[in-house]
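J.: Take this structure, written in structure tokens, and hold onto it; I'll ask about it next.
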Amino acid sequence: MSHLALLLVATAAAVALIVTLRPHDKPAQRPPAAIRSTAASSPSATSAPPPAPPAYRSGSATAVAHTDFGDVRVRVTVADGRITHVAAVELPHGNPMDLELSKPAARTLEREILQAQSADVDVVSGATYTSTGYLASVQAALDRLSVSTSETPRVLVTAPSAAITTAS
């Protein structure tokens, strides 16, 4: 019995020692690259100006992307060269889970696109296919509204699990 008690005490002491001495996660010594580059530049430092945002004609354009779970059709409205409205016209709706994931993802992407004034935003976690299709549709619609494109382009782009075509 005394050997069992000694074994339990020794085991508890070993566990306590291991927990105390284990390396703890240390905070990052350097900020992420995006923050580091901003923090590293001083107001007096000269740098290249940011690239000019693309120029868009005022109007609306609709584009569709075909994903593994259904079509994603988006209408983009531009006024005075700025994206003013992005709306999902069609989202994957084959089953209740599609709707449960697609609608909140579309609302999130709409906010992000309007804020960024670009389709270059992150996908929504948990709705990757819908997000990829949504962003591809937005980009195709913006390409149609770009000042440098012709009036009725035909675009077929393939992305991971998404084929994009623009509506004429």
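Laboratory data are not the source of any read-out in this text; all were calculated from the coordinates shown. Bear in mind that the values here come from a model prediction, so they are computed numbers and not experimental data. For neighbour counting, all protein chains shown are included, and Cβ atoms are generated from backbone atoms with ideal geometry for every residue, glycine included.
J.: I'd like to compare 89-100, 57-68, 117-128: which one has the highest average count of other Cβ atoms within 10 Å, and what's the full order after that?
T.: 57-68, 117-128, 89-100
J.: Hey, another quick one. Sticking with the crude label model, points 7 Å out along Cα→Cβ, report the distance from residue 125 to residue 147 in nm, one decimal please.
T.: About 3.9 nm separates the two model spin labels.
J.: Between residue 84 and residue 115, what is 0.36 nm times their sequence separation minus the Cα-Cα distance? Round to one decimal in nm.
T.: Here the segment from residue 84 to residue 115 would lengthen by 10.2 nm.
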